[in-house]
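Student: Dropping a structure here in structure tokens format, bear with me for questions.
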Amino acid sequence: MIPVFLKTDVLLWLLVLAVIVYAVHVRRSPHLLVPWRRVSRSASGLSALTVLLVFIAIGVLDSFHYRPALEKTDEKGQTVYAVESVSLLDAILEPIRVHRERTYSAPLATRAYAKETIEITEADGKLRQVREFPRLIWGGAHLKNEDDGTADIFSRALAGLASGLAAWCILAWALAAWRGRAAGRAAKEEWRAIWRAETATPWWAVLLTAGALLAIFGMTSALCTHYHVLGTEKVGQDVLYLVLKSIRTALVIGTVTTLVLLPFAITLGIMAGYFRGWIDDLIQYIYTTISSVPSVLLIAAAVLLMQVYLDRHPELYPTSAQRADLRLLFLCIILGATSWTGLARLLRGEALKLRELEFIQAAQAFGARDAHIIGRHILPNVMHIVLISLVLEFSSLVLAEAVLSYVGVGVDPTMNSFGTMINAARLEMSREPVVWWILLAAFVFMFALVLSANLFADAVRDAFDPRVRVGGLARV
């Protein structure tokens, strides 16, 4: 195989690397370790973080792209590689990626969702055309008798649930052994302490969330090789595959856009509130002007210009994956350039208040430089606003992508995303019978991602906000 490095892949890897470096820095910095230990005391925060880590893992797997080798060779006997690239997630999901039907099928169905005209052979050997629901190509194809479908689904789901619970037992035992070794006691005693909520870190919440996720994963993995768990869409693609592929797009839009808007919002917002005067007037004029322009129109114009550029220079990006990735990156840049004004306003107001406090005035009286005061005194006291605003912005950006895709100026139509799924499902809600599972699948996955991000943001805000009183640290 030949590795393929898309621009958004590199940005996601750099972001993951930055998080790892920051985690190492936190472990070596007691003043940063204290608030993160407060985060670890929140049961809802740890449960949300567990769900977020699953989404992040799926997104990272989908960010390793390569061109697979084909079975044929060229005239010189060298290996021929595919033109389009695939990801590690595609390789893992190979069974449901290649198993396509002709058109719609309901979740766990064995027949198509709409009647078709098919030919049947009668007892006398004559062919007769009838209208009925045809059997699916892959869904339930292993069944000799369709009446055994319910029992087969139940048995496979039960086996998958058992495997998920077995994996959970191994995970729980490993956690109890690890925590028990750190505390100097047996794993059995640590197990009791975890479930009695006697540990400072609510590991019971992590285990319950992980147990639910492993149970769902076990049942889904047991069923998806023989059925379409979430049904299929118009051209017969598995909806489960589509929603899992859409996670990376949501993560890219939320994280890359955040990286773009963060420097503008923090720098200009704090400068406006701290320096005041003509600097404040100039910065207010800039973000007021940007806010007065309808963001949808600005984004639409920028994306259409990028599309025209790609159409006129197809040799720069020969594959559809590269063109779709560039459009996604450009969309993130435009969203970031138009989304920093709200956070800048908040930081300006907070900086106006902080600069009048005694410790800031004392630092000014001692002759401290403005850059030192901003970096050591103002910035740490507004980080709770930055963190909660960014996560809330992440949620709004994920939802904004759905709106932009609805009007045709979002991600490339060939790229999987929650927005493109919802836009496609919108057209099918008026048909008879109603195709409901595509919209439901996109909504559930998007809701889980946004909800877990918001819950984790609440825990981080409570830990980093200096105005929130937290009790003394205990053993974790």
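Student: Using only C-alpha atoms and all pairs of different ones, pull out the Kirkwood radius for region 193-233 in Å with one decimal.
Tutor: 12.3
Student: Rounded, prolate or oblate for region 56-185? Axes are the square roots of the Cα gyration tensor eigenvalues, ordered a ≥ b ≥ c, and the cut-off for rounded is a/c under 1.5.
Tutor: Oblate.
Student: Could you work out the Kirkwood radius for the chain, taking every pair of different alpha carbons, averaging 1/r and inverting it, reported in Å?
Tutor: Answer for the chain: a Kirkwood hydrodynamic radius of 26.0 Å.
Student: Which order do 178, 278, 191 take when ranked by solvent-accessible area (1.4 Å probe, heavy atoms of all protein chains), largest first?
Tutor: Order by accessible area, largest first: 278, 178, 191.
Student: Would you mind checking region 284-317 for residues with the amide N under 20 Å from a putative spin-label position 7 Å along Cα→C-beta of residue 10?
Tutor: 310, 314-317, by backbone N distance to the label point.
Student: Given the Cα-Cα distance of residue 79 and residue 192 and 0.36 nm per residue of separation, how much length would full extension add, in nm?
Tutor: In short, 34.9 nm is gained.
Student: Two-decimal Rg/Rh of region 195-314 from alpha-carbon positions, Kirkwood Rh?
Tutor: That ratio is 1.18, to two decimals.
Student: Further, regarding this structure: In debye, nearest 20, what is the charge dipole magnitude of the chain about its Cα centre with +1 on Lys and Arg Cβ and -1 on Asp and Glu Cβ, if you could check?
Tutor: 1560
Student: Largest first, how would 330, 359 line up by accessible area (1.4 Å probe)?
Tutor: 359, 330
Student: Okay, next question. Given a 1.4 Å probe and every protein chain left where it sits, what share in percent of the accessible area of region 1-112 is carbon and sulfur?
Tutor: Accessible surface attributable to carbon and sulfur in region 1-112 totals 66 percent.
Student: Measuring from label point to label point, each 7 Å out along Cα→Cβ, what is the residue 103 to residue 26 span in nm?
Tutor: 5.1
Student: Here is a follow-up. Which one of 362, 336, 384 has its Cα pushed farthest toward the positive end of the charge dipole of region 317-476, where Lys and Arg give +1 and Asp and Glu give -1 at the Cβ?
Tutor: Positive-end residue among those listed: 362.
Student: Rounded to whole Å and ordered largest first, report the semi-axes of the equivalent ellipsoid of region 120-232 derived from its Cα gyration tensor (root of 5λ).
Tutor: One finds semi-axes of 50, 11, 9 Å for region 120-232.
Student: Quick one: what does P(r) look like for region 331-374 with 5 Å bins over all Cα pairs, in whole %?
Tutor: Spelled out bin by bin, region 331-374 gives 5, 19, 19, 16, 13, 11, 9, 7, 2, 0 percent.
Student: Related question: Just need log10 I(q)/I(0) for region 243-364 at q = 0.11, 0.15, 0.16, 0.20 Å⁻¹, Debye formula, equal scatterers on the alpha-carbon atoms, no solvent, rounded to two decimals.
Tutor: -0.52, -0.78, -0.85, -1.08
Student: Using label points projected 7 Å from each Cα along Cα→Cβ, tell me how many nm separate residue 120 and residue 91, to one decimal.
Tutor: According to this spin-label approximation, the distance is 4.6 nm.
Student: What number, rounded to the nearest 500 deg cm²/dmol, is the helix-based mean residue ellipticity at 222 nm of the chain, given -39500 (n - 2.57) per DSSP H run of at least four residues and division by all its residues?
Tutor: My calculation for the chain gives -22000 deg cm²/dmol from helical runs alone.
Student: Roughly how many Å² is the accessible area per residue of region 380-437, as a whole number, for a 1.4 Å probe?
Tutor: 42
Student: Based on alpha-carbon atoms only, what is the radius of gyration of region 9-124 relative to the globular estimate 2.2 N^0.38 Å?
Tutor: 1.83
Student: 7 Å from Cα along Cα→Cβ at both residue 291 and residue 414: what's the point-to-point distance in nm?
Tutor: 4.0
Student: Give a residue-ordered list of calculated ³J(HN,Hα) values for region 140-157 (Karplus: 6.51 cos²θ - 1.76 cosθ + 1.60, θ = phi - 60°; whole Hz; x for Gly, Pro).
Tutor: Computed from phi, the couplings for region 140-157 are x, 5, 6, 7, 7, 10, 5, 5, 8, x, 5, 5, 5, 4, 5, 5, 5, 4 Hz.
Student: Working out 0.36 nm times the residue gap between residue 167 and residue 137, then minus their Cα-Cα distance, what length gain in nm do you get to one decimal?
Tutor: Result for the pair: 7.6 nm of gain on full extension.
Student: Which listed residue (413, 79, 274) has the Cα farthest towards the positive end of the charge dipole for the chain, taking +1 on Lys and Arg C-beta and -1 on Asp and Glu C-beta about the Cα centre?
Tutor: So the residue we want is 274.
The values are calculated or read from the model by the stated rules, or taken from the named source; none is laboratory data. These numbers come from a predicted model, not from an experiment. Quick reminder, even Gly has a Cβ in these numbers, built from the backbone with ideal geometry, and neighbours come from all protein chains shown. We work out accessible area using only protein heavy atoms, side chains counted, and drop any ligands, DNA or RNA first. Shrake-Rupley method; radii C 1.70, N 1.55, O 1.52, S 1.80 Å.
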